[in-house]
Amino acid sequence: MALPGQQELTHLEEFMEGVWKQNPVFVMVLGMCPTLAVSVSAVNALAMGLATTFVLLGSTLLVSLMRKAVPKEVRIATYIVIIATFVTVVDYLIAAISLELYEALGAFIQLIVVNCIILGRAEAHASKNPPLRAATNALGMGLGFCIGLFALGAVREILGAGKLFGVALFGPDFQPWVVMVLPPGGFFVLGGWLLLFNWLRRRQGGALKPAEGHVHG
Amino acid sequence: MQDYLLILIGTVFVNNIVMAKILGLCPFMGVSKKLETAIGMGFATTFVLTLASGASYLIDTYLLGTDLFYLRTLSFIVVIAGIVGFTEMFIRKTSPVLFRVLGIYLPLITTNCAVLGIPLLNVQERHGFVESLFFGLGGALGFTLVLVLFAAMRERLEAADVPLPFKGTSIAMITAGLMSLAFMGFSGLIR
């Protein structure tokens, strides 16, 4: 997000913003409910990431196009209705593509509505930027979210089931670490990733601020 | 009566909304730095969630029915935003004291995924009206319980000497994981 007085970012920088610098999972720690609940396997995590990216892209594009038409007082309500519409679309889309996946993700597809990443992007970025820029930023954020979810899902699947994408990695003697696919495992793995990022950031000399105080749903 | 009691105990302990269903993590992590704010947030959420649970049941059954089911997500989120706004006005008029305590948390509740999640789960599990109310109340009480416990722990963590890279969100996540492990001990209590 370009602050006033700051130089405008190029489109590539805008894209990389969400992938790396402001990664929604590792740096901003946003949208934790779907992150933790759905990341029991790599496939589920990626599906959730793609669904969220779709909603993010669609709604930021629409919000950006309508940014001059929407009165300030009702903007949040407008954003929520726009987001909910796209969520409904993706909800039925997933049900049509794979019923198995639809059941695995459960209510969390509909809960994309209250994912703070989307509302946050709509409010903080798309409402102030032209469509192309908003879409670039949204794609970057979406990709960053996918990467974060995949990092969690892959670790949990490998440790908790000894598989990756359903393919067994270890021999038949592997003892699965079942806790990792249960809710506590989600907390532990995300805690571990945050720890790693904190550590890396400190080694770089603390140029970036720690993620503390940014936590929202 | 026994059924309702079971729903209540089940949602507070066994299927705790934060620890077992992983909903409402946003306020769980965001508002748990201080015990006082955690209690305020807990009560505000309990109030809204119980109302939202009942109201969304009525909307789903009598307004949407079987024809307009695709408007469910959309109408639920609008209903919740409406209830939050209504609660805010109502509390401000009737009890300025309560408003001072809960006021700042009310707008945050709209984006609490538990508040949307419980009505959606009600639909999924085909709960009746009273069941929905109890499910909402139980879920919210469970949320409050966990939030207050977690806030108390985090206050101590602030003062604890944890290794530097762990500081902040990382240690909070791991603490939440341990808490979630403890809550797994309740599984099997009911059903």
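Roll a 1.4 Å probe over the protein chains and send me the accessible area per residue for the protein assembly as shown in Å².
Numbers: 19010 Å² over 408 residues.
Heavy-atom accessible area per residue stands at 47 Å².
Interface burial in the stretch A:188-202, defined as at least 30 Å² less accessible area with all protein chains than with the chain alone at a 1.4 Å probe, covers A:PHE188, A:GLY191, A:LEU194, A:LEU195, A:ASN198, A:ARG202.
First check a/c for the stretch B:2-186, with a ≥ b ≥ c the square roots of the eigenvalues of its C-alpha gyration tensor; if it is under 1.5, answer rounded, and if not, answer prolate when a/b is larger than b/c or oblate otherwise. Please list the in-between numbers first.
Details: a/c = 2.06, a/b = 1.48, b/c = 1.39.
Judged from the Cα gyration tensor, the stretch B:2-186 comes out prolate (a/c at least 1.5, a/b above b/c).
The 3J(HN,Hα) values that the Karplus relation (6.51, -1.76, 1.60; θ = phi - 60°) gives for the stretch A:64-69 are, in residue order, 5, 5, 9, 4, 8, 8 Hz. Gly and Pro appear as x. For the stretch A:197-204, backbone phi angles converted through the Karplus equation (6.51, -1.76, 1.60; θ = phi - 60°) give residue-by-residue couplings of 5, 4, 5, 4, 5, 5, 5, 6 Hz, Gly and Pro being listed as x.
Relative to the globular-protein estimate of 2.2 N^0.38 Å, the Cα radius of gyration of chain A stands at 1.06. Here the relative contact order of chain A, from alpha carbon pairs under 8 Å that lie six or more residues apart, stands at 36 percent. Residue-wise HN-Hα couplings along the stretch B:129-140, as the Karplus relation 6.51 cos²θ - 1.76 cosθ + 1.60 with θ = phi - 60° gives them from phi, are 5, 5, 4, 4, 4, 5, 4, x, 4, x, x, 5 Hz; Gly and Pro carry x. For the protein assembly as shown, the Cα gyration tensor yields ellipsoid semi-axes of 29, 27, 23 Å (square root of five times each eigenvalue, largest first, whole Å).
Just name one of B:LEU58, B:LEU23, B:MET41: the one whose Cα is farthest towards the positive end of the charge dipole of the stretch B:2-186 (beta-carbon charges, Lys/Arg +1, Asp/Glu -1). Towards the positive end, the residue furthest out is B:MET41. Partner aspartates and glutamates whose Cα lies under 15 Å from the Cα of B:LYS34, excluding those fewer than 8 positions away in the same chain, are identified as A:GLU212, B:GLU155, B:GLU158.
Where in the stretch A:45-119 are there trypsin sites (Lys or Arg not before Pro) that are in a DSSP coil and have at most 16 other Cβ atoms within 10 angstrom of their Cβ? Please list the in-between numbers first.
Working: sites: A:ARG67, A:LYS68, A:LYS72, A:ARG75; in loops: A:ARG67, A:LYS68.
For trypsin sites (Lys or Arg not before Pro) across the stretch A:45-119 that sit outside H, G, I, E and B with at most 16 neighbouring Cβ atoms in 10 Å, the list reads A:LYS68.
Calculated FRET efficiency, A:PHE165 and B:ARG100, Cβ-Cβ r, R0 45 Å, to nearest 0.05?
Values: r = 53 Å, r/R0 = 1.17.
The computed FRET efficiency comes out at 0.30.
Interface of B with A. Using a 1.4 Å probe and counting protein heavy atoms only, the two chains hide about 3400 Å² of accessible surface, both sides summed. With 20 Å² as the minimum drop in accessible area between chain alone and full protein complex (1.4 Å probe), the qualifying residues in the stretch A:55-91 are A:ILE80, A:VAL81, A:ALA84, A:THR88.
Which length gain, in nm to one decimal place, applies between A:LYS68 and A:ARG203 when the Cα-Cα distance is subtracted from 0.36 nm times their residue separation? Let's see the in-between values first.
Values: separation 135, 0.36 × 135 = 48.60 nm, distance 4.40 nm.
Length gained, A:LYS68 through A:ARG203: 44.2 nm.
Surface composition of the stretch A:1-85: carbon plus sulfur atoms hold 70% of the accessible area, using a 1.4 angstrom probe and ignoring ligands, DNA and RNA.
Extending 7 Å from the Cα toward the beta-carbon at both A:HIS11 and B:LEU5 defines two label points whose distance is 6.6 nm.
Note on A:ARG75/B:MET89: beta-carbon distance plugged into 1/(1 + (r/R0)^6) with R0 of 25 Å gives a FRET efficiency of 0.80. For A:LEU182, no residue whose modelled amide H falls within less than 5 Å of its own remains once neighbours fewer than 5 places apart on the same chain are excluded.
Close amide H pairs (under 5 Å, H built 1.01 Å from N) link A:LEU164 with A:LEU169, residues at least 5 positions away or on another chain. Per atom type, the stretch B:2-186 shows carbon and sulfur on 69% of its accessible surface, probed at 1.4 Å.
Report, in debye and to the nearest 20, how large the dipole of the stretch B:2-186 comes out about its Cα centre when Lys and Arg carry +1 and Asp and Glu carry -1 on their Cβ. Write down the numbers at each step before the final one.
Numbers: 11 positive and 10 negative charges, 85 e Å.
I would put it at about 400 debye.
In this structure the amide hydrogen of B:GLY24, modeled in the peptide plane, comes within under 5 Å of the amide hydrogens of B:CYS113, B:ALA114, none closer than 5 places in sequence on its chain.
The values are calculated or read from the model by the stated rules, or taken from the named source; none is laboratory data. This structure is a prediction, so every number in the text was calculated from the model and none was measured. Ideal geometry is used to build each Cβ from the backbone, glycine not excepted, and the neighbour counts take in all protein chains shown. Only protein heavy atoms, including side chains, enter the accessible area calculation; ligands, DNA and RNA are left aside. Shrake-Rupley method; radii C 1.70, N 1.55, O 1.52, S 1.80 Å.
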